[in-house]
Amino acid sequence: MASISKACLEISNSIRGFRLSRSQPETGSATSASSSGNPDVKGAAGRDGCASRGLTVTGSVTNTITRAIKSATSRVKAFDKNGQMQTQQQADVMTASVDSQLQKKASIPNGSYDDVAPPAQPDDLERVSERLASKRQHYLQQKLSIRRCLWEDEQFLHRFFWYFSPSERCYLTQVCSLWKTVLYNPCYWVGVTPVYKCRTWAGEKAARMKFLSTLEERAFDSVCLFGALDCDVPEFVDEFPYCRQNIASLSIRCSNVTDIGLEMLLDKMAAVAHLEISGCNEVTEAGLWSCLSAKITSLTISDCINIADDSVGAVAQLLPALQELNLQAYHVTDNALSFFTPKQSCTLYVLRLQSCWEITNHGIVNVIHSLPNLTVLSLSGCSKITDDGVELIAENLRKIRSLDLSWCPRITDAALEYIACDLGQLEELILDSRVYYEMMDLNQRPSRGQNA
């Protein structure tokens, strides 16, 4: 420790004896002085303010500092890590190592002591850039191949197409043949009814045949004929033989099909169990008597001006397995509801009488006696139904789960009391065309701001 103290004292005395001059020194000597990295020299320069005034150290100062550092280093290095004095040979080796390091640092410009890597050659840069470009190209090709494999993977596409609606799937079939093949799987078209516009395909047999073939590929079990005439019926049945045994639901809308065309159609399509006739003003009661089959379990008749009481009689006599009847006719009266027999009492569960303006509370009495097992009843638009009729329904039809009393202006709050007291299994009550109530909380008083 005494040697270290002597070394520090020698450096301090050497620095105090230096003379500073305003003469411009050589570049090399100034760089050496700044490159020595001695903290004492930097501290002295800061205290004297020489750095701020632009003063530099002369060459003699550099030599003196170098000698002082060498002497101090040799004395300090004479001690090992344990504080023991080293041999003279070991001290000489350490001194030589310090000299070589000082010379190396003095040769680096601007006082930078970091190891300087050799500059890169132009050939090396080209090789590196080519290598990076090839790796990037390979990555992009691999990424593109993964995407292609994904959009061509049938297992992925089967799950992906479930996120689209049936109308959107129709457009997706036009992307490519693979997507078309996947989308033509019948599982995507369950519950979807294709519309066959007869007037659109009237003069295009090739396009019509192609469209009908796609219906067969997708295994539709229902079809809707729109704007059909009697002459379109044989063409449809002959060009689409798939419909004879596989179409279970048939809809005829806005068509001028007469009784003859309707009879021919239902005679050829023997598998029809759900029949809808809407907006067919040429169909009469006689046509229903001649074409209705005992296989029909669901019948919908609406906006047919020639449908009256005798039509309901044909339905009651010819359809013993009928489960659902949807009737919208302006000329049906209470007498039509008396045609139902005990045959339908065990099978008919859904009865919707919409906009039957002539039906009164007497018609409700006929329904109660003939159809005691109804679970769904709609009297929407039956404007002559009053609270007394609702009371009859609540007291006798206890199995009702859904009741529609919308657009019945003669029904008051008293009807709600009858419903709340007697219809314990009711789940849905419709009092308006847009408002639905669940009967679970009907006994509770509605909060302020809610409709009663």
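On inspection, D334 fails the criterion of being among the acidic types (D, E), surrounded by fewer than 18 Cβ atoms within 10 Å (Cβ to Cβ) and either more than 19 Å from S249 (Cα to Cα) or free of Cβ contacts under 8 Å to residues at least 40 places away in the same chain (or both).
Being out of contact with any Lys or Arg (no Cβ under 6 Å at 6 or more places or on another chain) and either surrounded by fewer than 17 Cβ atoms within 10 Å (Cβ to Cβ) or more than 22 Å from Y349 (Cβ to Cβ) (or both) is the requirement here; does V390 meet it? No, not satisfied. V367: under 24 Å from I301 (Cα atoms) and not assigned by TED's automatic domain parsing to the domain that holds E285, yes or no? Yes.
Scanning segment 245-257 for residues that are under 12 Å from C231 (Cβ atoms) and surrounded by fewer than 17 Cβ atoms within 10 Å (Cβ to Cβ) gives a single hit, N256. Scanning segment 266-298 for residues being farther than 19 Å from L327 by Cβ and touching a residue at least 40 places away in the same chain (Cβ under 8 Å) gives a total of 0. If I filter segment 156-196 down to residues being touching a helix residue (DSSP H, G or I) at 6+ places or on another chain (Cβ under 8 Å) and not in a helix (DSSP H, G or I), which single residue comes out as surrounded by the most Cβ atoms within 10 Å (Cβ to Cβ)? By that ranking, first place goes to Y196. Against the condition hydroxyl-bearing (S, T, Y), touching a residue at least 24 places away in the same chain (Cβ under 8 Å) and surrounded by 15 or more Cβ atoms within 10 Å (Cβ to Cβ), how does S345 come out, does it pass? Considered against the rule, which asks whether it is hydroxyl-bearing (S, T, Y), touching a residue at least 24 places away in the same chain (Cβ under 8 Å) and surrounded by 15 or more Cβ atoms within 10 Å (Cβ to Cβ), S345 comes out as no.
The numbered conditions (1) in contact with a Phe, Trp or Tyr (Cβ under 8 Å, 6 or more places away or on another chain); (2) at pLDDT below 90; (3) not hydroxyl-bearing (S, T, Y) are all true for G381 except (2). In the set (1) crowded, with 17+ Cβ neighbours inside 10 Å; (2) touching a Phe, Trp or Tyr at 6+ places or on another chain (Cβ under 9 Å); (3) assigned to a loop (DSSP other than H, G, I, E, B), the condition left unmet by R199 is number (1).
The values are calculated or read from the model by the stated rules, or taken from the named source; none is laboratory data. What you are looking at is a predicted structure, and each value in this text was computed from that prediction instead of being measured. Heads up, the Cβs are rebuilt from the backbone with ideal geometry, glycines too, and the neighbour counts pull from every protein chain shown.
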